[in-house]
Amino acid sequence: GVMHVTRPQHEHFSHAQTGALETLSTAFGTRIGALRALGAAQLQAETDALTGLSNRRTLETRAVEILAASPRAAVVMADLDHFKS
């Protein structure tokens, strides 16, 4: 992320303001890092590592959402023997 702060030309930030901006930018950076890590962990929890497809839990959750939005839906499923090998 980028934080851009401006002042009128020829005005400078005080040491206190600079310190506060550094603290704020550090907090932003930490939060952005945590959100990225959370997103990566959630993706790992929702998908199969080999295929990248949704796992059963994710499919069940999504099916409930689809059926709540519209009671008419079709599901197509395939099972390939020994797919992972």
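Please go through the range 23-82 and give me each residue that is assigned to a loop (DSSP other than H, G, I, E, B), more than 30 Å from Gly1 (Cβ to Cβ) and either in contact with an Asp or Glu (Cβ under 7 Å, 6 or more places away or on another chain) or open to solvent by 100 Å² or more (accessible area, probe 1.4 Å) (or both), ordered by number.
Passing the criteria: Leu50, Leu53, Asn55, Pro71, Arg72, Val75, Val76, Met77, Asp79, Leu80, Asp81, His82.
The single condition among (1) surrounded by 10 or more Cβ atoms within 10 Å (Cβ to Cβ); (2) modelled with pLDDT under 90 that Gly1 does not meet is (1). Residues that are acidic (Asp, Glu) and under 30 Å from Glu60 (Cβ atoms) within the range 1-49 comprise Glu46, Asp48, listed in sequence order.
For the range 4-22, filtered to residues that are part of a loop (DSSP other than H, G, I, E, B) and among the charged types (D, E, K, R), the residue that is surrounded by the fewest Cβ atoms within 10 Å (Cβ to Cβ) is Glu11.
The values are calculated or read from the model by the stated rules, or taken from the named source; none is laboratory data. Just so it is clear, the model here is predicted, and its values are computed rather than measured. Note that we place each Cβ from the backbone using ideal geometry, even for glycine, and neighbour counts take in every protein chain shown. Heavy atoms of the whole protein, side chains included, go into the accessibility calculation; ligands, DNA and RNA do not. Shrake-Rupley method; radii C 1.70, N 1.55, O 1.52, S 1.80 Å.
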